Amino acid sequence: MESKKLSHMAHAVTQLGETEPPFSHPGFPSKKGLFSCVCCSNKLFSSSKKFESGSGWPSFSSPITNDAVATEVDLSHGMKRTEVHCSSCEAHLGHVFEDGPAPTGLRFCINGVALKFQQT
């Protein structure tokens, strides 16, 4: 998707690596469905792996497939984190942390504006 078709915030997040403010995204329906990349429609996460982390961003315990997302070390803001991006178009999605629920122990903390939801 051309960045001119993205909202200002979606462009800032996916193309410039920024982060939307916590609790700023209106959320997604609590229905079964798939979350895809807002830029290229690559399927990223299933609603079955979504959980409420209290962080202010949509959180998932795992991606829909191991190769749906890619990660790299992020040393910005004076800390070491693991950035998550779309494996198809490399759009910045958020970060993954090792404080999630079993069985993965992971929390994919994803910017809501980087996702689009499709009910299944």
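The values are calculated or read from the model by the stated rules, or taken from the named source; none is laboratory data. What you see is a predicted model, and the numbers here were worked out from it, not measured in a lab. Here the Cβ positions follow ideal geometry from the backbone for every residue, glycine too, while neighbour counts run over all protein chains shown.
Can you tell which of 73, 13 is closer than 24 Å to residue 103 by Cα and aliphatic (A, V, I, L, M)? That would be 73, the only listed residue that is closer than 24 Å to residue 103 by Cα and aliphatic (A, V, I, L, M).
Among the candidates 59, 48, 41, 36, the residue that is polar (S, T, N, Q), over 22 Å from residue 10 (Cα atoms) and either at pLDDT 95 or above or in contact with a strand residue (DSSP E or B) (Cβ under 6 Å, 6 or more places away or on another chain) (or both) is uniquely 48. Just one of the numbered conditions (1) crowded, with 20+ Cβ neighbours inside 10 Å; (2) β-branched (Val, Ile, Thr); (3) assigned to a strand (DSSP E or B) is not true of residue 113: (3). Within segment 98-115, residues that are of a type in the set (D, E, K, R) reach partners that are in a loop (DSSP other than H, G, I, E, B) and surrounded by fewer than 22 Cβ atoms within 10 Å (Cβ to Cβ) with beta carbons closer than 7 Å, at six or more positions or on different chains, in the pairs 98/105; 98/106; 107/53; 107/99; 107/100. Taking the criterion of being aliphatic (A, V, I, L, M), in a loop (DSSP other than H, G, I, E, B) and surrounded by 13 or more Cβ atoms within 10 Å (Cβ to Cβ), the only residue of segment 97-110 that qualifies is 106.
Which of the residues spanning segment 57-69 are surrounded by 15 or more Cβ atoms within 10 Å (Cβ to Cβ) and either within 9 Å of the chain's Cα centre (by Cα) or within 25 Å of residue 6 (Cα to Cα) (or both)?
Residues satisfying the conditions are 57, 58, 59, 60, 63, 64, 68, 69.
Among the residues of segment 1-44, those that are hydroxyl-bearing (Ser, Thr, Tyr), part of a loop (DSSP other than H, G, I, E, B) and closer than 13 Å to residue 112 by Cα comprise 7, 19, 24.
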